[in-house]
Amino acid sequence: MSKDWKTRLIHSDATAPPGFRALTTPVYRASTVLFPEAAAATDEWNQYEVGYTYGMYGTPTVLELAARICELENGFRTIVTPGGQGAISLIHLALLKSGDHVLLPENIYGPNRSLANQVLRRFGVEVSYYPPAAAAGVASAFRPNTRVVWCESPGSITMEVQDVPAIAEAAHRHGALVVLDNTWSAGVYFDAFAHGVDVSMQALTKYVGGHSDLLLGAVTVRDPKLYEQLGRTHQAIGCPASPDDCSLALRGMKTMAVRLKAVEESALALGGWLRERPEVELVLHPALPSCPGHELWKRDFTGSTGLFSIVFQKRYTKEQVLRFVDALQLFEIGYSWGGVTSLAMAYELVSPQRPAYGHRIVRLYVGLETLDDLRADLEQALTALK
Ligand SMILES: Cc1ncc(COP(=O)(O)O)c(C=O)c1O
């Protein structure tokens, strides 16, 4: 049919030359997905079964990232979410209902705790906490209505490594599912499913993204029934990941092995050096013996990454600890981690359920700067403690 130029702006017959091949995944941005005929239109979410139906459920860029994470974690399917916390929310909302009970470790990532306390309780879900070192002893925390047990290993800030297989064994005996926040290991240094986990999540924001410029999360499962449950909830709550962010994450993945190796080596060297410093009481690095659960790390993990904490000696005041962080020149002050830049963050642990480190704990993320420069930076900042 003949077309006016204004119609041609939208329905063009022009084409680019064919035959383009490149190493990158194209960024497919779309809300509307086209169907070949009226009868083929469907709003089904499972694009593996019905083909592409709506941008909400993933364009090829999003689903390629999902498939690649799934491959790395040895899962059946992965759902990519707009952030790590979004992945956490999706899991809670998909697996729990009013009257159920969920168990979380006392050292769980703060926003996960807030979601459980402030939102899940409001919807009639019982929430309670267990000591991260509980292992098989977690059994005493179960109630008849316990449906989900979370693990986070190592745990946020205090870095306790958990006995995930023992917790999984107890959970399965009680008919509960085990969810793991596997962000620290980037989904590669701890094989979640081989250790009894049912749902593995990670914040792709950290090591997969790798450059502090995106927010994404991933939820991976082995069981098709769980995929169905999560997929339906994902559709219902409508939290699609941006294809642009997924494209950056696909790029980040390609260099993740070399980045992880570099941050592992530097973090181990700095952790070992800090352990010898008179100002430091404890180095909470899973690969060092002073970290609670270090033996479990040796048993279950195949590597370590760039995030660990230090605890200053009892004589240091909060002002001194903050002065140390402020004096750092290469370690920047900021949340999140897994990028190329080293970071430091001082915390104040006030909960009686957490170790009594108080204001003396500082979390360090070791980036890709030269090790000697990072060591010199820490050394000059330690002099500020005096
Ligand atoms: C252990 C852990 N899980 C989940 C998240 C949440 O990730 P996001 O910042 O992408 O929401 C974080 C972020 O700091 C984290 O440290």
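The values are calculated or read from the model by the stated rules, or taken from the named source; none is laboratory data. Because the structure is a prediction, the values reported are computed rather than measured. Cβ atoms come from the backbone with ideal geometry, glycine included; neighbour counts cover every protein chain shown.
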Q: Give, as residue ranges, the helices (runs of 4 or more DSSP H) completely inside region 222-311 that count at least 3 residues that are buried (at least 19 other Cβ atoms within 10 Å of the Cβ) and of a type outside the set (A, V, I, L, M, F, W, C).
A: 224-237, 243-254, 256-275
(Q) Under 6 Å between Cβ atoms, which residue pairs at least 6 apart in sequence (or on different chains) link something in region 110-121 that is at negative phi with a partner that is more than 16 Å from the ligand (Cβ to nearest atom)? (A) Ala116/Val127; Leu120/Val127; Arg121/Val127
Q) If you go through region 73-111 one residue at a time, how many are closer than 22 Å to Trp45 by Cα, of a type in the set (Gly, Ala, Ser) and not in a loop (DSSP other than H, G, I, E, B)? A) 5
Q: Have a look at Arg299, Arg354 and point out the one that is modelled with pLDDT under 95 and out of contact with any Leu (no Cβ under 8 Å at 6 or more places or on another chain).
A: Arg354
**Q.** Filtered residues of region 82-111 (kept if within 9 Å of the ligand (Cβ to nearest atom) and either among the hydrophobic types (A, V, I, L, M, F, W, C) or in contact with a helix residue (DSSP H, G or I) (Cβ under 7 Å, 6 or more places away or on another chain) (or both))
**A.** Gln85, Ala87, Ile88, Ile108, Pro111
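Out of Ser128, Ser114, I need the residue that is at pLDDT 95 or above, out of contact with any Pro (no Cβ under 6 Å at 6 or more places or on another chain) and within 16 Å of the ligand (Cβ to nearest atom). Which one?
Details: Ser128 fails: within 16 Å of the ligand (Cβ to nearest atom).
Selected residue: Ser114, the only one of Ser128, Ser114 that is at pLDDT 95 or above, out of contact with any Pro (no Cβ under 6 Å at 6 or more places or on another chain) and within 16 Å of the ligand (Cβ to nearest atom).
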Q: Determine, yes or no, whether Thr59 is more than 22 Å from Ser212 (Cβ to Cβ), within 16 Å of the ligand (Cβ to nearest atom), surrounded by 18 or more Cβ atoms within 10 Å (Cβ to Cβ) and modelled with pLDDT of 95 or more.
A: no
Q) From the set of residues in region 144-158 that are touching an Asp or Glu at 6+ places or on another chain (Cβ under 7 Å) and farther than 19 Å from Ser89 by Cβ, which is farthest from the ligand (Cβ to nearest atom)? A) Asn145
Q. Are there any pairs, at least 6 apart or on different chains, whose C-beta atoms fall under 8 Å, with the first in region 367-386 and more than 11 Å from Trp273 (Cβ to Cβ) and in a helix (DSSP H, G or I) and the second of a type in the set (Asp, Glu) and at pLDDT 95 or above, and if so, which?
A. Ala384/Asp326; Leu385/Glu279
Q | Looking only at region 115-168, and only at residues there that are in contact with a helix residue (DSSP H, G or I) (Cβ under 6 Å, 6 or more places away or on another chain) and part of a strand (DSSP E or B), the one that is surrounded by the most Cβ atoms within 10 Å (Cβ to Cβ) | A | Cys151
Q: Take the residues in region 171-182 that are closer than 24 Å to Leu260 by Cβ and of a type outside the set (A, V, I, L, M), then tell me which one is farthest from the ligand (Cβ to nearest atom).
A: Asn182
Q.
For region 343-362: of the residues being away from the ligand (no atom under 16 Å from the Cβ) and part of a loop (DSSP other than H, G, I, E, B), which is surrounded by the fewest Cβ atoms within 10 Å (Cβ to Cβ)?
A. Pro352
Q) Out of curiosity, is Tyr335 loosely packed, with under 15 Cβ neighbours inside 10 Å and within 16 Å of the ligand (Cβ to nearest atom)? A) yes
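Considering only residues that are of a type in the set (S, T, N, Q) and surrounded by 23 or more Cβ atoms within 10 Å (Cβ to Cβ), look in region 188-221 and name the one that is nearest to His234 (Cα to Cα). Give the steps one after another, and end with the answer.
At the first step, the residues of region 188-221 found to be of a type in the set (S, T, N, Q) are 200, 202, 205, 212, 220.
Among the residues that remain, those that are also surrounded by 23 or more Cβ atoms within 10 Å (Cβ to Cβ) are: 200, 202, 205, 220.
Details: Ser200: 16, Gln202: 16, Thr205: 19, Thr220: 13 Å.
So the residue we want is Thr220.
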Q: Please find, within region 188-217, the residue that is farthest from the ligand (Cβ to nearest atom) out of those that are β-branched (Val, Ile, Thr) and within 11 Å of the chain's Cα centre (by Cα).
A: Val208
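Select from region 159-170 the residues that are in contact (Cβ under 8 Å) with a residue 40 or more places away in the chain and away from the ligand (no atom under 12 Å from the Cβ) and list them in ascending order. Full working, then the answer.
As a first pass, look at region 159-170 and keep what is in contact (Cβ under 8 Å) with a residue 40 or more places away in the chain: 159-165.
Selection gives Glu160, Val161, Gln162, Asp163, Val164, Pro165.
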**Q.** Ser185 touching a residue at least 12 places away in the same chain (Cβ under 8 Å), within 16 Å of the ligand (Cβ to nearest atom), of a type in the set (Ser, Thr, Tyr) and crowded, with 21+ Cβ neighbours inside 10 Å
**A.** yes
